[in-house]
Each structure stands twice: as structure tokens, then as C-alpha cells.
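Single-structure report; data block below.
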Amino acid sequence: MRVGWGITGSGHYLFDTFDVMERVSEHFELSCYLSSAGERVVRIYGLWDRLNEICPGGYYREIVLGSEQGASSPLAGRFQRGRYQVLVVSPASTNTVAKAVRGIADTLVTNAFSHARKENVPIFVIPTDKREKEVSKLPYIINREVCREELGKSHEKCEILTVCPYEAIVEKDEFPTIDLTKCEGCGTCLESCSYGAVSFGKNIETKVGEIDLENLERLKRIDSVKLLDSPKDLLEELKKVEKSKEI
């Protein structure tokens, strides 16, 4: 069975999804479709190499990038042509959910969703914002208050400004910050900061808007779509689809 996996621009559930998709790739042919925002998130969280291990290339085991193919890539049309038996969107950002329920297909993943929906392909969605409050993990960030306190005492230049191999650490108002449009999640900054100003994976509580919860209810009403509470539920659902198609 062939499975298409869409990644959108959210770090919530990202590591859990990767853990499950490693197992999925052992059972099924798996291709990954990344929106431009999804690609950036994967890179920021340092998961790019791991993604290439899950989808190493080859026919229906490749990585398809919105940044290269564009939102209207012909490869998204595979879903309408019956080349995939399932579409998984995980993590599914609130922006992606809002577009999907309104038929907006202006990213690679929402375009794949649109094609799959037309062909009644089963779609499993793991939305990032399901409750009024959610807890998400932040990528690499710099606590500039620590920088102000420590560097202010010593009057030294920040030691990590020059260590990033991707030049993602820049000086702003005399103190360092991370340019997430360049960050590749390598962790060099975390290892190099002697003041402990850099952190990774810090939990942050976010509030979910009423309209986002309403969009989830709309998404549930689409016949071919099933919302899952966690990526951990995914493998069992895929096996059910496989069994139904054998019958």
C-alpha cells in the first residue's frame, strides 16, 4: 500500500510523527509532501537528515518539496489518479485545516488534500490545535535577558555569534538572536553558549482560537477524513485500510 505523508508548518507533534512514520515506512511505500512552511519547520527542528532516512528516494519513496515543485505540482495529482491509497497530514497546522475545509489548495499539502478528497482517498489528519489550550515545543531560541545580564557584566562580545555554520545567529540591538529562516537545527549554538542562554524543546502553552475549533468540526464532516488525537494511533489505522482493500 502506498501512503502519502503531508507535513505542514508546525512543530507540535512533529517528533511523535517522525517516530511513527519510521515504522510506517517499514510496512508501506511512503512519500513525503512538504509545504514550504513544513520544510522550514523540519529543518529548524534538526530533522532533515532523519526525513531522508525515512524517505530515501526512489519511486513512491521520495520527498516532494513545495519550495521546488510549487503548490500546483503535478505530483500532488497522484492522489486523484489513485496512485496512493492513503493521505496522512501530520502535523496539520491550523492554517492548513482552515484552508482544507474551504477548498483552498494554495500549498503543496492542501493541493494534495484537495486531490485526495475528490477521489475519496482516506485522509488521516493529526491537527495541532484540538483543545482550547495546547502545549508545544519551541525550536532553538536565545534568552536575550540572560545575554543582557551576562554580557552586560563582562562587556564581552557574544561568543556564539560566529559559531553557526549556517550563519543563522545574528546580532540585533547588541545581542544575539536566531534567524529561523536560516536555522538548520544543528545545535551548535546550544553546545557553544557558556551562559546557558540557548535552549531547545522548551514547552510553551498556546491558546487555540474559537474559529480554529470550529474548523475542526467542519473537517470532521468531510466523509473521507478522519481526525486522530495522536500520531500514535496512525499505524493501526493504516493497517485497517490495508486490510479493507485486501477484501
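The values are calculated or read from the model by the stated rules, or taken from the named source; none is laboratory data. The structure presented is a predicted model; accordingly, all values stated were derived computationally and were not measured. Virtual Cβ from ideal backbone geometry, glycine too; neighbours counted across all protein chains shown. With ligands, DNA and RNA removed, areas are computed over all heavy atoms of the protein, side chains included. Shrake-Rupley method; radii C 1.70, N 1.55, O 1.52, S 1.80 Å.
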*Check on residue 223, exposed (fewer than 14 other Cβ atoms within 10 Å of the Cβ) and outside the structural domain of residue 118 (by the TED database)*: no
*Pull up segment 1-48, narrow it to residues that are in contact with a helix residue (DSSP H, G or I) (Cβ under 6 Å, 6 or more places away or on another chain) and polar (S, T, N, Q), then point me to the one that is most open to solvent (accessible area, probe 1.4 Å).*
36
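With respect to residue 123, is the statement that it is assigned by the TED database to the domain that holds residue 226 and in contact with a helix residue (DSSP H, G or I) (Cβ under 7 Å, 6 or more places away or on another chain) true? Give the derivation first.
Numbers: assigned by the TED database to the domain that holds residue 226: yes; in contact with a helix residue (DSSP H, G or I) (Cβ under 7 Å, 6 or more places away or on another chain): yes.
In short, yes.
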*Could you check, for segment 100-114, whether at least one of its residues is in contact (Cβ under 8 Å) with a residue 40 or more places away in the chain and among the charged types (D, E, K, R)?*
no
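Residue-wise test of (1) in contact with a strand residue (DSSP E or B) (Cβ under 7 Å, 6 or more places away or on another chain); (2) closer than 16 Å to residue 127 by Cα.
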residue: 193; (1), (2): no, no
residue: 203; (1), (2): yes, no
residue: 206; (1), (2): yes, yes
residue: 210; (1), (2): no, yes
residue: 223; (1), (2): no, no
residue: 226; (1), (2): yes, yes
residue: 229; (1), (2): no, yes
residue: 232; (1), (2): no, yes
residue: 240; (1), (2): no, no
*Taking the stated definitions as given, is residue 100 farther than 15 Å from residue 216 by Cα, crowded, with 24+ Cβ neighbours inside 10 Å and of a type outside the set (Ser, Thr, Tyr)?*
no
